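The values are calculated or read from the model by the stated rules, or taken from the named source; none is laboratory data. Here the structure is a predicted model, which means the values were calculated and not measured. Quick reminder, even Gly has a Cβ in these numbers, built from the backbone with ideal geometry, and neighbours come from all protein chains shown. Accessible surface areas use protein heavy atoms only, side chains included; no ligands, DNA or RNA. Shrake-Rupley method; radii C 1.70, N 1.55, O 1.52, S 1.80 Å.
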Amino acid sequence: MDTLLSTPRRLVLALVAAGAIGAAGAGLVTGLHHEARANPVATVAAAVAPAAPASVPTVAMPDFAAITRANAPAVVNISVVGDARAMQMRGDAAAADDDDDDSGAGPQISPDDPFFEFFRRFGMPGLPGAQAQPRDTPARGEGSGFIVGSDGLILTNAHVVYGAKEVTVKLSDRREFRAKVLGMDPKTDVAVIRIDAQNLPTVRLGNTKDLQVGEWVLAIGAPFGFENSVTAGVVSAKGRSLPDDSLVPFLQTDVAINPGNSGGPLFDARGEVVGINSQIYTRSGGYQGVSFAIPIELATQIQQQIVAHGKVEHARLGVAVQEVNQGFAESFGLPTPEGALVSSVQDGSPAAKAGLQPGDVLREVDGQRIVSSGDLPAYVGMRRPGQQVQLTVWRQGKLQQLSATLASADDTKAKKTAQASVEKGKLGLGLRPLTPQEQQQVGVQGGLLIGQVAGPAAQAGVVAGDVLLSINNQPVSSMDTVQAAMAKAGKTVALLVMRGGDKIFVPVHLG
């Protein structure tokens with residue numbers, strides 16, 4: 001997939017894959033909480049209240065009880081036993097501590113938190129006070145899933161079954177089956193498993209195209225192991241891109257997600273599945289009002305590939321991109337600060353063959369708007385290698401149309417080439433040439449704009465927005481000149497950068 005050249009500064013809240021309950025944790029995910037009960041007082045109040053203005057539409061509440069009766073039998077509880085080391089790696093990858101402390105301690109929880117005793121007893125990766133578990137002992141965890149085929153085909157999250165040696169599925173009628181993992185796709189967090197059973201109840205699949213922000217949604221799952229728990233909320237946003245290297249345009253809801261619900265279904269008001277509950281933002285390890293679900297269309301696409309081929313292929317364009325902020329928009333003459341700014345183009349990639357250049361701003365892919373840079377990998381990654389896409393590009397004040405034939409994201413040769421380029425640079429900089437307008441504004445000829453900073457350069461104090469002028473007194477104006485300068489470099493290089501109208505030297509120790 002296409003990624004930024006360096007990792008963006010982590011968010012203040014921790015992004016958690018709705019994660020694990022057990023000795024070393026398996027899958028979390030969602031529940032919702034919003035009971036709908038008859039209230040006699042409210043009924044009387046409504047009877048005497050003045051009628052709503054004609055301009056304000058009234059919407060009837062969904063029949064949550066009917067939705068639950070129809071679908072609860074198709075929702076399953078998933079228990080896993082696996083290697084503690086592998087499941088811990090899954091847990092480490094699932095949680096990102098976004099405080100300023102980079103010690104890797106993971107999300108923190110206070111002893112005053114009501115969940116502290118639970119996490120202390122049962123453990124959760126990264127939380128202080130959890131009982132230590134030997135990495136070579138079996139670990140147990142729980143999650144949720146839902147039946148999509150009467151012959152035993154089940155959808156869940158990849159992080160629920162990751163590292164599992166045994167997967168047990170428990171139905172709502174208390175029957176239990178040993179399940180086989182047919183395949184999983186970590187890039188979208190979707191897994192497909194199967195049990196040996198027939199004539200099972202199934203859910204009805206819907207679509208997110210017509211789903212509106214503000215609509216009611218309902219989830220059924222097993223938070224904290226409480227099977228067939230029902231919770232509800234509303235859709236908060238659609239098409240959310242998260243800073244977790246994911247290819248998913250998430251549905252954001254205010255559905256309560258807690259340990260044990262990962263992989264459970266998200267239903268719309270018609271009782272159709274519109275998503276798989278997957279992640280939350282949290283500072284405590286528990287639900288805090290922001291949760292995310294994988295759109296069902298994407299999950300179905302992954303399911304079809306796994307069932308047919310046992311694996312999933314994602315496409316690659318071959319560019320590194322960054323956000324378009326207001327400053328860039330004004331500099332490029334864009335009407336709005338939207339799109340994905342191309343900072344570099346991989347040699348021989350589909351992007352290079354299509355004619356994309358550093359400094360281009362991708363505005364649309366096949367007619368779909370690119371609002372933020374994270375939209376691009378989500379759109380491209382979910383297409384198949386060999387597919388042709390139409391790109392709408394803003395270049396030198398005008399829109400242009402380009403066509404690209406996508407390659408495979410699993411291209412080993414391309415991966416090695418990209419990795420070799422990163423390792424050869426060692427600086428940790430995302431660079432692109434300055435446009436003529438930017439050169440005029442900055443008052444320099446040549447130079448490279450620093451879009452992202454990581455590694456040695458970040459430690460030395462280089463920041464995004466600096467303009468790199470030279471390396472060891474060798475002027476740089478392209479990636480070729482950077483690579484040539486770095487090829488001659490020793491353990492330390494002197495970068496000349498322009499910042500706020502001043503030129504300063506920054507020594508960078510490469511290690």
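Data table
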read-out	value
Protein accessible area in the stretch 305-369, 1.4 Å probe - carbon and sulfur %	45
Built amide H within the under 5 Å cut-off of residue 476, gap 5+	447, 470, 471
Solvent-accessible area per residue, Å², over the stretch 306-385 with all protein chains present [probe radius 1.4 Å]	38
Theoretical gain in end-to-end length, residue 368 to residue 502 [0.36 nm per residue, Cα-Cα removed]	44.2 nm
Inter-site label distance for residue 492 and residue 347 at 7 Å from Cα along Cβ, in nm	3.1
